[in-house]
Amino acid sequence: MTEAGVSQDILYAVEGGIGTITLNRPQARNAMTFAMYERLAEICRDPAAHGDPRVIIVTGAGDKAFASGTDIAQFRSFASAADALAYEERIEGVIDAIERCAVPTLAAISGAVTGGGAAIALACDLRIATVTARFGFPIARTLGNSLSMANYARLFALLGPALVKDIVFTARLVEAEEGRRAGLYSELLPDHPALMLRAAELATTIAGHAPLTMRATKEAMRRLTAATAQAVAGEDLVTLCYTSEDFREGMEAFLAKRPPVWRGR
């Protein structure tokens, strides 16, 4: 069953109790618009109203990217700290919807999984990837912004502080095998067709297991990770970066495809 009447930037179908969400902007490396974020959240908040799947697979169209983050052009309207905080609150609502989804979620990743795309992948319960997967938050090289405290907590819980600082400070992307060793991915597959075949096999296995056991486990893990973020304030870190001259410079440089000139203010 394929849902009709929605943006083709997000494709959604349910077959055999498995829902598949496809981030469908391959021409833009599946960069996320706000409408795409909201559609993703809508499905995850109420899977019963969207074909009642037992498992949801999230993937990107094509083999170049799972999702390369938020479409940068949408940041041009930012003018104040309130804009930055509203953005982070809006995106956190989407990520929270994925984490709270009543059914297990599986990210099937090919190619780049960066920025907002990496946050989506982190929020999924399981992640499998192709050998071309490259994960990271290269914001120190591109926009000069920061992650939300909630996303820092997710990274901290999964990868530990040393690796988080490594990948953010260096702005490097974690290659597939390193990601598997670090626990980011449970399996690596040779190419995109093999990835989607394995995702379907794994989803079929999960769909046959006790749903309440999985729901309880999902919620337990979410609460433990959320407790870390809730214990420490982080709004000052978001506003420090998003309201800076450097953030505006990073955004304009990115859109102009030139190197940014950082000034630390």
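Bear in mind these aren't lab numbers, they're just calculated from the coordinates by the rules spelled out. On a predicted model such as this, the values are computed, not experimentally measured, just so you know. With ideal geometry, Cβ positions are generated from the backbone for all residues, glycine too; neighbour counts draw on all protein chains shown.
What's the magnitude of the charge dipole for the chain around its Cα centre, counting Lys and Arg as +1 and Asp and Glu as -1 at the beta-carbon? Answer in Debye, nearest 20. Don't jump to the answer; show the numbers that get you there.
Working: 27 positive and 30 negative charges, 99 e Å.
Around 480 debye, computed over the chain.
Stokes-Einstein D for the chain at 4 °C, 1.567 mPa s, Kirkwood Rh over Cα pairs, in µm²/s?
Details: Rh = 18.7 Å.
Answer, rounded: 69 µm²/s.
Considering the dipole of the chain built from charges on the beta carbon (Lys and Arg +1, Asp and Glu -1) around the Cα centre, which of Val261, Leu184, Thr142 is farthest to its positive end?
Result: Val261, furthest along the dipole toward the positive end.
Gaussian network model of the chain, Cα springs within a sub-10 Å range: biggest mean-square fluctuation belongs to which of Thr33, Thr213, Thr225?
Residue with maximal mean-square fluctuation among Thr33, Thr213, Thr225: Thr213.
From the helices alone, meaning DSSP H stretches of at least four residues, give me the mean residue ellipticity at 222 nm for the chain, per-run term -39500 (n - 2.57), in deg cm²/dmol to the nearest 500. Don't skip to the end; give the middle numbers.
Numbers: 10 runs with 124 residues, N = 265.
Result for the chain, helices only: -14500 deg cm²/dmol.
Given 0.36 nm per residue, what is the gain on full extension from Phe34 to Phe169 after removing their alpha carbon distance, in nm? Can you show the working numbers first?
Numbers: separation 135, 0.36 × 135 = 48.60 nm, distance 2.74 nm.
The span from Phe34 to Phe169 would gain 45.9 nm if fully extended.
Using a/c under 1.5 as the rounded threshold, could you call region 34-136 rounded, prolate or oblate? The axes a ≥ b ≥ c are square roots of the C-alpha gyration tensor eigenvalues, and prolate needs a/b larger than b/c, oblate otherwise. Before the final figure, lay out each step's value.
On the way: a/c = 2.21, a/b = 1.21, b/c = 1.82.
Oblate shape, in that a/c is at least 1.5 and b/c is the bigger or equal ratio.
Let me know the charge dipole size of region 110-190 about its Cα centre in debye, to the nearest 20, where only the beta-carbon of Lys, Arg (+1) and Asp, Glu (-1) is charged. Write down the numbers at each step before the final one.
Numbers: 8 positive and 6 negative charges, 36 e Å.
Computed about the Cα centre, the dipole is about 180 debye.
Cα to Cα, under 28 Å, and not fewer than 8 places away if on the same chain: which lysines meet these conditions relative to Lys218?
Lys165
Please sort by residue number the trypsin sites (Lys or Arg not before Pro) in region 231-264 whose DSSP state is loop and whose Cβ has at most 14 other Cβ atoms within 10 Å. Mind showing how you got there, number by number?
On the way: sites: Arg248, Lys257, Arg263; in loops: Lys257, Arg263.
Qualifying residues, ordered by number: Lys257, Arg263.
Looking at the chain, which Cys residues are left with no other cysteine's beta carbon under 4.7 Å from theirs?
Cysteines lacking a close Cβ partner in the chain: Cys124, Cys241.
By the gyration tensor of its Cα atoms, with a ≥ b ≥ c the square roots of the eigenvalues, what is the shape of region 116-229: rounded for a/c under 1.5, prolate for a/b over b/c, or oblate? All intermediate terms of the calculation are to be shown ahead of the outcome.
Details: a/c = 2.44, a/b = 1.26, b/c = 1.94.
It is oblate, given that a/c is not under 1.5 and a/b is not larger than b/c.
Within straight cross-link reach of Lys64, meaning Cα distance under 21 Å, which lysines are found once same-chain residues fewer than 8 apart are removed?
Filter leaves Lys257.
Might you report the magnitude of the Cβ-based charge dipole of region 20-155 about its Cα centre, with Lys and Arg at +1 and Asp and Glu at -1, to the nearest 20 debye?
My answer is approximately 480 debye.
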